1. Select from segment 146-155 the residues that are in contact with a Gly (Cβ under 8 Å, 6 or more places away or on another chain) and either within 19 Å of Thr6 (Cβ to Cβ) or open to solvent by less than 10 Å² (accessible area, probe 1.4 Å) (or both) and write down the one among them that is nearest to the ligand (Cβ to nearest atom).
2. If you go through segment 92-102 one residue at a time, do you hit one that is open to solvent by less than 60 Å² (accessible area, probe 1.4 Å) and under 18 Å from Leu239 (Cβ atoms)?
3. Within segment 192-231, take every residue that is touching a residue at least 60 places away in the same chain (Cβ under 8 Å) and small (Gly, Ala, Ser) and give me the one that is surrounded by the most Cβ atoms within 10 Å (Cβ to Cβ).
4. Examine segment 73-86 for a residue that is assigned to a helix (DSSP H, G or I) and out of contact with any Asp or Glu (no Cβ under 9 Å at 6 or more places or on another chain), and state whether such a residue exists.
5. Being open to solvent by less than 20 Å² (accessible area, probe 1.4 Å) and part of a strand (DSSP E or B) is true for just one of Tyr276, Tyr259. Which residue is that?
6. Can you tell which of Ile189, Ile234 is aliphatic (A, V, I, L, M), more than 10 Å from the ligand (Cβ to nearest atom) and either surrounded by fewer than 22 Cβ atoms within 10 Å (Cβ to Cβ) or not in a helix (DSSP H, G or I) (or both)?
7. Just wondering, is there one or more residues in segment 304-317 that are farther than 21 Å from Ile230 by Cα and of a type in the set (Asp, Glu)?
8. State all residues of segment 115-140 that are away from the ligand (no atom under 14 Å from the Cβ), under 19 Å from the mean Cα position of the chain (by Cα) and part of a loop (DSSP other than H, G, I, E, B); if no residue qualifies, say none.
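The values are calculated or read from the model by the stated rules, or taken from the named source; none is laboratory data. If you're wondering where the values come from, they're calculated on a predicted model, not measured in any experiment. Using ideal geometry, Cβ is built from the backbone for each residue, glycine included, and neighbour counts are taken over all protein chains shown. Ligands, DNA and RNA are excluded from the accessible area calculation, which covers all protein heavy atoms including side chains. Shrake-Rupley method; radii C 1.70, N 1.55, O 1.52, S 1.80 Å.
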Amino acid sequence: MTILVTGGTGFIGSHTVVELLEAGYDVVVFDNFYNSKACVVDRIKKITGKDFKFYEADMLDREALDKIFDENKIDAVIHFAGLKAVGESVKIPLRYYYNNIAGTIKLCESMSAHGCKRIVFSSSATVYGEPDHVPMQEDFPITHATNPYGETKILIERILKDLSVSDPEWSVCCLRYFNPVGAHKSGLIGEDPMGIPNNIMPRIQKVATGEWDSITVFGTDYDTPDGTCIRDYIHVTDLAQAHIAALKRAANVVGWETYNIGCGRGYSVLDIINAYERVCGHPIKREICPRRAGDIAVSYADPTRAREVLGWQAKRTIDDMCRDSYNFRIKNPKGYED
Ligand code: UD1
């Protein structure tokens, strides 16, 4: 079975390609390297000892998409490609809406034209916005996100839902990720954000390796046990494996489905910093700062549906996440250089 992975050299995409190759799938990858590096292709081959076809292409280029489908018999698509920086999406919303939505429409048109109607979509817990209570469940009302990036995830989910209603041959599986962190255990691939990172784990990494002096703790006055925000962190390899489970499901069931992909338990900002200290073996200096605008106090998944229907469950611990994150940074102090 041949799987096309869009955005397959990005953080989650690259880990998913590794898991696909190791599970015996044939894989075709495309990426425009907007937010990733070409060396990731070779690193995936090094980890797996397997080869795969790679296209440098943009999903907004319909001809390039058609060429990929013409040259390969694609059975299903895992769709990661898209712009993903929350802050940037507030500054340049049109670019986010156009790229993520028009790109997905072109992808689906090309899939349809080539008789490929099975897709696993990389969605996000951000679609829940600010829910009334936790844990978040898939049937919570999806009204609006807190930023344009999140809105593109909501809109794409809806577009895919409408598509599956219009043509009952489509099989759509939307995976709503919680907070993906960590890296492949080899240390060859991991998270390498461009510019100054916004997310907590790459920021702690910089402090742990001495590049930064301290980690900012955004708010200690939340209504949580230690006053800091709580999130459901999930190891990127567990997350990647959820895509294999979703592919298997999509091969047998048509229609539109959503699944929360999280561990089902929350850790506070201080929990994460303490765990990182444990694995790197030296103190991580904290700087208590005011709340960051737009943050919700508590977010964690109810992953029951994924466990019961997909047969998938996260296995890796918070220490595994921090250890692998640290290992990647130690082995790649400046990120992907080649
Ligand atoms: C963010 C995005 C979400 C995206 C996810 C990807 C927002 C509002 N949401 O989630 O859409 O899917 O990243 O992983 O941006 N924190 C600190 N100090 C720091 C950095 C972060 O205390 O230096 C705290 C934040 O306040 C938050 C927690 O750490 O409580 C996690 O932050 P982050 O890693 O940015 O993820 P989210 O905001 O949950």
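1. So in segment 146-155, the residues in contact with a Gly (Cβ under 8 Å, 6 or more places away or on another chain) come out as 146-147, 150, 152.
Now drop any that are not either within 19 Å of Thr6 (Cβ to Cβ) or open to solvent by less than 10 Å² (accessible area, probe 1.4 Å) (or both), which leaves 150, 152.
Details: Gly150: 6, Thr152: 11 Å.
The extreme case among them is Gly150.
2. From segment 92-102, those open to solvent by less than 60 Å² (accessible area, probe 1.4 Å) are 93, 96, 99-102; that's our starting set.
If we keep only those that are under 18 Å from Leu239 (Cβ atoms) as well, we get none.
No; the residues of segment 92-102 include none that is open to solvent by less than 60 Å² (accessible area, probe 1.4 Å) and under 18 Å from Leu239 (Cβ atoms).
3. Ala208
4. Filtering segment 73-86 for residues assigned to a helix (DSSP H, G or I) gives 86.
When the remaining residues are screened for being out of contact with any Asp or Glu (no Cβ under 9 Å at 6 or more places or on another chain), the result is 86.
Yes: segment 73-86 contains one or more residues that are assigned to a helix (DSSP H, G or I) and out of contact with any Asp or Glu (no Cβ under 9 Å at 6 or more places or on another chain).
5. Details: Tyr276 fails: part of a strand (DSSP E or B).
The match here is Tyr259.
6. Numbers: Ile234 fails: more than 10 Å from the ligand (Cβ to nearest atom).
That would be Ile189, the only listed residue that is aliphatic (A, V, I, L, M), more than 10 Å from the ligand (Cβ to nearest atom) and either surrounded by fewer than 22 Cβ atoms within 10 Å (Cβ to Cβ) or not in a helix (DSSP H, G or I) (or both).
7. First, pick out the residues of segment 304-317 that are farther than 21 Å from Ile230 by Cα: 305-312.
Next, only the ones that are of a type in the set (Asp, Glu) stay: 308.
Yes, segment 304-317 contains a residue that is farther than 21 Å from Ile230 by Cα and of a type in the set (Asp, Glu).
8. Scanning segment 115-140 gives Gln137, Glu138.
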